[in-house]
1. Among PHE286, PHE320, LEU310, flag the residue with its Cα farthest along the positive direction of the charge dipole of region 277-375, charges on Cβ as +1 for Lys/Arg and -1 for Asp/Glu.
2. May I ask which of LYS223/LYS259; LYS171/LYS341; LYS171/LYS311; LYS127/LYS270 have a Cα-Cα span longer than 32 Å here?
3. If you line up the Cα atoms of region 276-375 on their principal axes, what length do they span on each, largest first, in Å?
4. Only helical DSSP H runs with n ≥ 4 go in: add -39500 (n - 2.57) per run for the chain, normalise by residue count and round the 222 nm mean residue ellipticity to 500 deg cm²/dmol.
5. Using a Förster distance of 35 angstrom, determine the FRET efficiency expected from the C-beta separation of ARG30 and ASN357, and round it to 0.05.
6. What does the charge count near LEU218 come to, summing +1 for each Lys or Arg and -1 for each Asp or Glu among other residues with Cβ under 13 Å from its Cβ?
7. Please work out the FRET efficiency for the pair GLU15 and TYR41, using the Cβ-Cβ distance as r and a Förster radius of 22 Å; give the result to the nearest 0.05.
8. If the elastic network links every pair of Cα atoms under 10 Å, which of PRO281, PRO240, PRO32 fluctuates the most in the Gaussian network model of the chain?
Amino acid sequence: MEKTDSYLNKIKCPECNVYSNNNIFCHNCRYPLKVLKLSDYKNQDFVNFLNHLHCVLKVFNQIDFKDTFLDQIFHELFVMDWLRPESAIFNFMQLKSLHKYRSYFHYPTLDMGCGNGLISSIFFGGKLNFDFDNYGSIDLSNTDVYNSHTGSNINILSKKPSPIGYGIDIKVNSINNAKDLNVFDDLNVGDIRNLPFENNSVSTVFSNMIDDIKDDDLSQTFKEIYRVLRPDQYVIFTSPSEDYRNSLFYYPEIIRLIKADKADKAQQYKQYDRGRSHWLPRTTTFWKDFLEVHSFKLEVCESFLDDRLLKIWDVGLRPFFPKLLEIRNEFNNNNMLRELKSVIVEIFENYFFNIVNKPLNNKSSFLIIIAKKIG
């Protein structure tokens, strides 16, 4: 309630002490006298503002890859990782590259390291229910915050993908989440060095987790891939290239700081690196020779991520994730999550469209590799 002069019906400005008519702003110093405080906004006000922002942002929606499938997966990946756009970018560039080689995927495909199954579901044409939220069961007390079962009570997919086949992952929670999708014929908790599938039982093996397989385990892994794969069929996987580590953001900084005798700062950056520089870069020549020894013929080796995009992925929004999750949880508690998510997805999609749609430079950081089983 504003303090008014009962005789003059004026408001005293708390900034300059000058009396003004019953105006929104002080006529002397322009102090806001009757503007609603931000702390006074109600939940419905926030809903209205989000809807208004969403409305005006649609004017700038210019996402068009000239390919309906790419338009679809771009949207689905940002719906899935709406608080972690760097993950959406990484996965989009991977699936964009794989899209050119869809003819190599045959049913049944074995997704080796399937995680929660969403990446394969999106690649095989599935669409997410927008009300499904990938962050509903995040546990920040865990080092791996995603290692939990969502236990979702809603239909996660609004559209089922075409038949995929099988999936395997070492994490129990990942397999339980993948089972919730109801799109795989069979899902197993297991070790890829000892695949629980019959000889010659799958038509394609796909994996995006060869990155972290050490040399000692690589031969056994590919012996198992060879065993379960049908004759003349394909293994498709991703691998960090020889330029991977130098294309990261933090790893080159760590090397620079060590050379500058700044050990404490280098140690801090090693924490920021969170083990990504320990992934194993391998050259095209390595893969050609290795695959030949294990009775595979290298057919495709193509870059899908350059150093610019890798640096975005390496830094990302991970440090801000706890704060973003607080905001997410507050909006969810106030039944406003859909409005918040709609706006965030709209902003990130439009911002990153021009980034991912630029031609790659010649500084490769990740490879798509396709090899045919022979013999």
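1. So the residue furthest toward the plus end is PHE286.
2. LYS223/LYS259; LYS127/LYS270
3. Its Cα atoms span 60, 27, 24 Å along the three principal axes.
4. Roughly -12500 deg cm²/dmol at 222 nm, from the helical runs in the chain.
5. Given R0 = 35 Å and the Cβ-Cβ separation, E is 0.20.
6. -3
7. Between GLU15 and TYR41 the formula returns 0.50.
8. Checking each option, the largest mean-square fluctuation is seen for PRO32.
The numbers here are math on the coordinates, done by the rules we state, and not lab data. Note that the coordinates shown come from a computational prediction; the quantities given were computed from them, not determined experimentally. No Cβ is skipped: glycine too gets one built from the backbone with ideal geometry, and neighbour counts run over all protein chains shown.
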